[in-house]
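To start, the structure under review is shown below, and the notes come after it.
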Amino acid sequence: MKDTFKHKGLRQKLVEVVKNKGITDEKVLDGLSKIPRHLFMDSGFLDHAYQDKAFPIAADQTISQPYTVAFQTELLQVKKGDKILEIGTGSGYQTALLCVLGAQVFSIERQQELFKKTSKFLPSLGYRPKKLIFGDGYKGLKTEAPFDSIIVTAGAPLVPKALLGQLKIGGRLVIPVGDQVQTMTLFIRKGEKEFEQHEFGEFRFVPMLEDKN
Ligand code: SAH
């Protein structure tokens with residue numbers, strides 16, 4: 001499958017939609033305009049790729065809604081070279097955006113099928129995360145900690161302590177917290193045991209599950 005002018009045009013419109021919903025970070029918007037989202041979905045669903053909607057991918061999971069991806073990424077305040085941990089690689093769409101922003105990305109996925117598929121797919125498009133890991137994101141990634149920021153892209157019933165502990169001082173954790181509906185939550189590490197907490201609106205994600213599968 002290719003990335004044609006038609007796709008680019010549709011993508012530009014999608015970026016406008018996301019912007020009109022309140023995303024202001026130009027780097028994030030520019031990043032979205034560069035990533036061929038239709039290639040992250042199964043070919044039969046091409047028509048849906050440039051609507052601002054989540055969509056089913058393999059293993060009963062979803063590719064997140066572009067607005068949600070932009071919202072979470074904006075909260076991360078990514079700087080070039082930042083070491084970022086992502087929980088829930090899924091299709092790799094969010095991973096690709098972090099790569100485009102110049103971050104060193106580590107991403108964990110608990111579904112083996114998705115892990116394998118995305119591990120091959122991302123480099124085929126030229127996106128090179130530092131490392132994709134098949135594992136349980138509740139544990140974070142101790143061997144590579146601390147991180148400038150951590151992003152969770154599945155609905156977390158609780159805030160995993162391990163993730164808070166793997167942030168640098170000044171580091172940011174963006175995590176949707178809740179069962180059926182999640183509140184987007186930002187934690188900023190202010191000191192060894194001090195965290196500032198900010199809450200944003202409600203979002204819906206597939207659940208963050210324990211252990212790998
Ligand atoms: N960022 C992805 C979102 C995929 S949906 C995208 O836009 O495509 C959330 C993903 O989190 C799913 O792929 C799911 O398998 C994964 N997941 C759920 N619980 C997890 C855990 N404990 N550790 C790692 N990945 C997890």
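Where a number appears in this text, it was derived from the coordinates with a stated rule and is not lab data. Quantities reported herein were computed from a predicted structural model and do not represent experimental measurements. Positions of Cβ are generated from backbone atoms using ideal geometry, with glycine treated the same way; all protein chains shown enter the neighbour counts.
Compactness ratio of the range 83-184: Cα Rg over 2.2 N^0.38 Å, N = residue count?
1.01
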For this session: Taking the Cα centre of the range 6-62 as origin, sum charge times position over the Cβ atoms of Lys and Arg (+1) and Asp and Glu (-1), and report the length of that vector in debye to the nearest 20.
Result: 240 debye
Exercise. Could the peptides 147-153, 28-34 be put in order, highest first, of the mean number of other beta-carbon atoms found within 10 Å of their residues?
Worked result: 147-153, 28-34
For this session: Give me the percent of DSSP beta bridges within the range 100-213 that run antiparallel, rounded to the nearest 5.
Result: 55 percent
Exercise. In the range 59-156, what trypsin sites (Lys or Arg not before Pro) fall in a loop by DSSP, with at most 11 other Cβ atoms inside 10 Å?
Worked result: LYS80
Exercise. Roughly what angle does helix 66-76 make with the longest principal axis of the chain, taking Cα atoms, 0 to 90 degrees, to the nearest 10?
Worked result: 40 degrees
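In the range 150-198, which GluC sites (Glu not before Pro) fall in coil by DSSP and have 12 or fewer other Cβ atoms within 10 Å?
Counting only loop positions with at most 12 other Cβ atoms within 10 Å, the GluC sites (Glu not before Pro) in the range 150-198 are GLU192, GLU194.
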For this session: Name the most mobile residue of SER91, SER124, SER64, meaning the one with the largest mean-square fluctuation, in a Gaussian network model of the chain with Cα contacts below 10 Å.
Result: SER124
Problem set entry | Rounded to the nearest 20 debye, dipole of the chain from Cβ charges on Lys, Arg, Asp, Glu | 720 debye
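Which percent, to the nearest 5, of DSSP beta bridges fully inside the range 5-203 are antiparallel?
45 percent
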Exercise. From the residues ALA145, GLN180, GLN166, which one has its Cα farthest along the dipole of the range 94-184 in the positive direction, the dipole being from +1 and -1 charges on Cβ of Lys/Arg and Asp/Glu about the Cα centre?
Worked result: ALA145
Exercise. Which entries in the list LYS27/LYS212; LYS8/LYS190; LYS27/LYS53; LYS53/LYS83; LYS80/LYS142; LYS8/LYS168 go over 31 Å, if you measure between the two C-alpha atoms of each?
Worked result: LYS27/LYS212; LYS8/LYS190; LYS8/LYS168
Exercise. Given VAL17, SER124, PRO207, which one lies farthest toward the positive end of the charge dipole of the chain, if we put +1 on the Cβ of every Lys and Arg and -1 on the Cβ of every Asp and Glu?
Worked result: SER124
Exercise. What is the set of long-range amide H partners of LYS83 at a cut-off below 5 Å, with H atoms built 1.01 Å from backbone N?
Worked result: GLN104, ASP148, SER149
